[in-house]
Amino acid sequence: MPVENGNASPKISVVVPVYKVQGYLRACLDSILSQSFEDFEIVAIDDHSPDACGRILDEYAALDSRVIPVHFEENRGIGKARDAGALKSRGEYILFLDSDDTLAEGALQAIADRLEATGNPDILLLNHVRTYWNNRVQASAAGEMLAGAGTDVFTALERPEFLTMFAVVWNRAYRREFYVGNNFTFTDGIYEDALMVYKTMLTAQRIAATDHVCVEYRQRRQGNSMRTPGRKHFGIFEQYTRLFEFLDERPHLEPVRALLFERAASHFLFTLAREDRIVPRDRAEFFKLSAAHYKRFKPKGFVLPEGSQGVRFQLLERGSYTAYAAVTAATKTRRQVIKRATKVKTKLGKTAYNRLYQLHLRRPVDEKLAVYSAYWNRGVACNPAAIYQKAKELAPDVHGVWIVRRDAVETVPEGVDYVVANSPRYWEVMARAKYLVNNVNFPNNFVKRPEQVHLQTHHGTPLKQMGIDQQRYPAAAKNMSFAKMLERADKWDLSLTSNQHSTEIWERVYPCAFEAVEYGYPRNDVYFRATGEDVLRIRAELGIEEGKTAILYCPTVRDYQKGYVPRIDLERFCRELGPDYVVLVRTHYFYGADPQLQALQDRGLIKDVSRYPVVEDLCLAADALITDYSSIMFDYACLDRPIVTYADDWEVYQRARGVYFDILSGKPGETPGATATSEEELIEVFRSGAWNSDKAAELRAAFRERFVQFDDGNAAERVVRHLFLGQDAAPAVVPLHERTPAPAPSVLAKARIPLQPTGERGLIGA
């Protein structure tokens, strides 16, 4: 039910500027809405974000009236967004929060308590921590100073040490009357935080502090505008020029001029030293401007700081970039020597094949060559297979080559060109192919050339925690190097998704610089293109007798267990269902052949389809799906047929592996149909007809609305036109209510469609 906010003037307005953060925005909003202190509003400014941020804000606003979205019709920048939020706010206090950061637990209550204890100051200074993708948490340098303030109230002139705090607006709460009454507005360009922080601090008559950690400052691995090199960083000089002009107009602030000058010069040097801000060709010019501003604004009697920083200040005063570069290089010498020695050692260990690879890397890229791989080179399958087939039709001049393991060679269809992994030709095609298509990652030793285009298709919609989120779950993180994983993901250019949920998750858990392409999963095209004759043919090939209800059982792998462990007494289950049902069992591809399943199949109780090559055929043949946490549920939802969730180990699984939502909750958009947590409940689901009930259909409809978003039968064409032909994605996604999936077997039985054998197995890419 939507949450109503009856308070027109809340205590705190949280102003959130929003731009290109769809992977982080939900976490930000949830961190605010889950606070124990409830007297707040969220004024969220959609700065004409090109991704799904605007839609996410509207979604939250529909559920909670405390969320107030404002949509800009053009991009204005973070400063203008904050200005608009401040004016729109109604709270007694304004708290600026960046949309990729989060509030810590209990933050708003701690702020409210300290505001009351200090008599509602103009500014309340807040503590924060830095959080990193690898779960490292770093305390702020100001924690001890904030704690020492207690409940004191002061001005910046009385306690100038507080001017040395990290100069950002999100680590302080502003009394709205003070902030708006003084007409504070952000200037254009970056580094606008520093100017705003110093101006407000020097204007405030009453400042207080709390050492409670209120903000979790996310250190994004990619995508942070401050960590994108370019000329925009030269804007720092204009911001500090404005600060010193502000000081010139207020002689009473002279006591803190030297401190602020030192802060400015340190900021110049810090920015210059960052390779992710100032590119090499611009460093001499940036240093020259830093030196000019140093000389222009240096106060009389300024005392140099001690140590290496004082040396750098002297170099600024001399204006010698050559000397500065020499000193900087000297401090890096030892680290560079160690790094170089490590590289030499690694290079000496190169194999002959790697030397061959290096040779091919010097040859030009073949603009008409594409490399495909699926499931760690297990064969021609999944999204890459569907793209391969469509490329043969729409881009026949692009030659496709598949990478397969030696033990998978016999599975490659006739006429498909392939190379065995790590063979001499493998290194050649990997080095020279213009296009690289995979549903997992290529190995660490793959060198991604700038001219190459790497499409990561993925192989499922994430229910279980993925990417860097797995770090919190030992069973999932076992023997995994997350740094190496992200290095592999750094090589992606395009990331294919079939729904917005996936887009958001991939962006956050793989914090790399790829572009999301929301075209749908090509492997699911077949569900909208297969005919009734196709469905009947597949059932006949599988030996499913006419009139029988086929149940496809697909459990996923358990990270906390070794080998396949049956979760259903299949003999009992089949006996209870009776002769009108046939159960198709497909174990996860990580597992080998299971003798128990073979024995049950030999007795005619089940059909073990674990090694059947085309899972899409199995889905087309089945009247219903039983699964647990497998992503097959999202694909099967394309067919709009019953899905039963059997999760007998839900509590263990979510603790060991982690999930993004509760499939047993019964909430629309989370649960795809009937559920069971024990064998008895599962049997009753089928005995009672709950598996195919109206309630199950309603849940499935909501599930399809959320997850069958871009799958419409045309995904492969959209991918091929974008990737190989450089065209706009076409055709447009067909609305869900206008799509017609392959008919269910029960519908065909009533229509008595005759079988037209084709002799072909598998419809993937059809």
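The values are calculated or read from the model by the stated rules, or taken from the named source; none is laboratory data. Just so it is clear, the model here is predicted, and its values are computed rather than measured. Reconstructed Cβ throughout: ideal geometry from the backbone, glycine too, with neighbour counts over all protein chains shown. When the accessible area is computed, the model is the full protein with side chains, heavy atoms only, and any ligands, DNA or RNA have been set aside. Shrake-Rupley method; radii C 1.70, N 1.55, O 1.52, S 1.80 Å.
Observations
- Considered as a group, the residues in the range 406-427 that are of a type in the set (D, E, K, R) and closer than 28 Å to Glu717 by Cα include one that is modelled with the highest pLDDT, and that residue is Asp417.
- When the residues of the range 174-203 are filtered to those that are surrounded by fewer than 19 Cβ atoms within 10 Å (Cβ to Cβ) and of a type in the set (S, T, N, Q), the one that is nearest to Phe268 (Cα to Cα) is Thr187.
- When the range 366-385 is filtered for residues that are in a loop (DSSP other than H, G, I, E, B) and either open to solvent by less than 20 Å² (accessible area, probe 1.4 Å) or of a type in the set (D, E, K, R) (or both), the ones remaining, listed by number, are Ala374, Arg378, Gly379.
- In the range 528-553, the residues that are at positive phi reach residues that are open to solvent by 60 Å² or more (accessible area, probe 1.4 Å) with C-beta atoms within less than 9 angstrom, at least six apart or across chains, in these pairs: Gly547/Asp580.
- Residue check for Ser9: among the polar types (S, T, N, Q) and either in contact with a helix residue (DSSP H, G or I) (Cβ under 6 Å, 6 or more places away or on another chain) or open to solvent by less than 30 Å² (accessible area, probe 1.4 Å) (or both): no
- Top-ranked residue of the range 452-494 - restricted to ones that are modelled with pLDDT of 95 or more, touching a strand residue (DSSP E or B) at 6+ places or on another chain (Cβ under 7 Å) and part of a loop (DSSP other than H, G, I, E, B), ranked as surrounded by the most Cβ atoms within 10 Å (Cβ to Cβ): Thr457
- So Glu116, is it open to solvent by 30 Å² or more (accessible area, probe 1.4 Å), of a type in the set (Asp, Glu) and in a loop (DSSP other than H, G, I, E, B): no
- Test: residue in the range 517-527 that is over 39 Å from the mean Cα position of the chain (by Cα) and acidic (Asp, Glu): no
- Candidate set from the range 473-503 (those that are within 16 Å of the chain's Cα centre (by Cα) and small (Gly, Ala, Ser)); member that is nearest to Gly520 (Cα to Cα): Ser498
- First in the range 462-487 and under 21 Å from Thr556 (Cα atoms), second anywhere and part of a helix (DSSP H, G or I) and modelled with pLDDT under 90, Cβ under 7 Å, 6 or more apart: Gln465/Ala476; Gln470/Ala476; Gln470/Ala477; Gln471/Ala477; Tyr473/Ala656; Ala475/Ala656
- The range 291-303, subset open to solvent by less than 60 Å² (accessible area, probe 1.4 Å) and without any contact (Cβ under 8 Å) to a residue 40 or more places away in the chain, residue farthest from Asp248 (Cα to Cα): Ala291
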